[in-house]
Amino acid sequence: MRLQAISPDAYARQVLVETAALWAGKRDVDAYVADNLEIARSAFGKRHYRTIGLYDRRTLLASCKQYDRTLHDGSRRLRAVGIGAIFTPAGLRGRGYATAMVAALLDRSRATGYDVAYLFSDIGPRFYSAIGFNEMPSREISLRADALPRKRTIVTPLRDGDWRGVRRCFELAQRGHVHFDRTAPIWQWIVMRMRHRSERPEGQPFNLVVRHGRGVGAYVLGTRLPKRDVYVVDEFGFADEDAALTIPSLLRAAAGDLRRIVGWLPPHGARELLPGGSVRKRRTPQLMMAPLSVEGAQLVRALSQGGKADCCWATDHL
């Protein structure tokens, strides 16, 4: 058995037609395949993304997606390999092929200089713990929209031309905290996935900004789900302390007449802006990390012991 890269077209033929039932959401197979190919052929796909298969000669036993990211930890930059969309064809399940594939990918990543591997588990931690992953804090928050102050703040819908300002807000808000780096291609990936509705197939995308002059002072990305009476927050950011004070009003405006605001418990530096709410362990998806170097082991230990929330936003989900 061997690990081997799968070209985008071959991945579409061999894997995507099988996984559409699991991950296409409301998209038909053609749209699902087209969206995946758009990502693979983008600047992000060429720099940060590849599809991998475990083969026995010409037989594909299991497959996954690999994402190359950088984790900022103070002045340190750690190479991170993300693993997503782990899949075994129906007739080959239960034989350990997915485990063998992930273990082989970890070995290869360790040998080629990565510091940490990460994934988001939808099946619980036990499967991945057996091959070296550590369960990380994964929490979700739910709060009443009317618990947020209603201040006079002018908010407007996010426009295509606002993404540069959003990126600047993200970088300023995350400074000094552990976070995943976001290059221009990674922002392109985030925008593509929002357009594809791959993460939030239900509801109405609803992204707002507070403007400072011609720029963006603060922003929130999320989705309104009227059937559940909630606004789901994926991320928010701000340019400075004054802009940070507008976040509660921005979230209140995003919720509108919806009763609750829910989402992943924001990372350190952002969750302090929210009032107390109901916080509980998130059952899925659970963030898990595997150290691949001494520096990676130090980071994983610090993150697992040092907080109650993810070190990333829902927009970083694989």
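The values are calculated or read from the model by the stated rules, or taken from the named source; none is laboratory data. The structure presented is a predicted model; accordingly, all values stated were derived computationally and were not measured. So basically every Cβ, Gly included, is an ideal-geometry build from the backbone, and we count neighbours across all protein chains shown.
State yes or no: is Ser293 touching a strand residue (DSSP E or B) at 6+ places or on another chain (Cβ under 9 Å) and modelled with pLDDT under 95?
Taking the combined requirement at face value, the residue does not satisfy it.
Before we move on, is Ser75 without any contact (Cβ under 8 Å) to a residue 12 or more places away in the chain, outside the structural domain of Val262 (by TED's automatic domain parsing) and out of contact with any Pro (no Cβ under 6 Å at 6 or more places or on another chain)?
yes
Here is a list of conditions, (1) at pLDDT below 95; (2) within 23 Å of Pro226 (Cβ to Cβ), and Arg252 meets all of them except one; can you say which number that is?
Only one criterion in (1) at pLDDT below 95; (2) within 23 Å of Pro226 (Cβ to Cβ) is unmet by Arg252, namely (1).
Only one of Ser142, Ser138 is among the polar types (S, T, N, Q) and closer than 28 Å to Gln188 by Cα; which?
Ser138
Identify all residues within region 269-301 that are over 24 Å from Val102 (Cα atoms), in contact (Cβ under 8 Å) with a residue 40 or more places away in the chain and outside any loop (DSSP other than H, G, I, E, B); write none if there are none.
Arg271, Ser278, Val279, Arg280, Lys281
Hand me the list of helices (runs of 4 or more DSSP H) wholly inside region 5-56 holding 1 or more residues that are within 17 Å of Asp68 (Cα to Cα) and touching a Pro at 6+ places or on another chain (Cβ under 6 Å).
Passing ranges, in order: 29-41, 43-48.
As an exercise: evaluate Arg79 against (1) of a type in the set (Lys, Arg); (2) within 20 Å of Arg301 (Cα to Cα); (3) not in a strand (DSSP E or B) and give the number of the one condition it does not meet.
(3)
Mind checking whether some residue in region 122-129 is under 26 Å from Ala309 (Cβ atoms), crowded, with 20+ Cβ neighbours inside 10 Å and among the polar types (S, T, N, Q)?
No, there is no match, as no residue in region 122-129 is under 26 Å from Ala309 (Cβ atoms), crowded, with 20+ Cβ neighbours inside 10 Å and among the polar types (S, T, N, Q).
Output yes when any residue across region 135-152 is in a helix (DSSP H, G or I), at negative phi, surrounded by 15 or more Cβ atoms within 10 Å (Cβ to Cβ) and not aromatic (Phe, Trp, Tyr), and no when none is.
Yes: one or more hits.
Enumerate the pairs (first residue in region 1-20 and closer than 11 Å to Val33 by Cα; second residue anywhere and of a type in the set (Val, Ile, Thr)) with beta-carbon separation below 6 Å, excluding pairs fewer than 6 apart on the same chain, so at least 6 apart or on different chains.
Tyr11/Thr51; Ala12/Val33; Leu16/Val33; Ala20/Val29
Tally up the residues in region 200-236 that are surrounded by fewer than 17 Cβ atoms within 10 Å (Cβ to Cβ) and within 17 Å of the chain's Cα centre (by Cα), please.
2
Quick check on this structure: which one of Gly176, Gly94 is surrounded by fewer than 16 Cβ atoms within 10 Å (Cβ to Cβ), without any contact (Cβ under 8 Å) to a residue 12 or more places away in the chain and part of a loop (DSSP other than H, G, I, E, B)?
Exactly one residue qualifies, and that residue is Gly94.
For (1) among the charged types (D, E, K, R); (2) touching a Leu at 6+ places or on another chain (Cβ under 9 Å); (3) outside the structural domain of Arg252 (by TED's automatic domain parsing), each residue gets a yes or a no:
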{"site": "Ala117", "(1), (2), (3)": "no, yes, yes"}
{"site": "Ser129", "(1), (2), (3)": "no, no, yes"}
{"site": "Gly132", "(1), (2), (3)": "no, yes, yes"}
{"site": "Arg152", "(1), (2), (3)": "yes, no, no"}
{"site": "Asp160", "(1), (2), (3)": "yes, no, no"}
{"site": "Arg164", "(1), (2), (3)": "yes, no, no"}
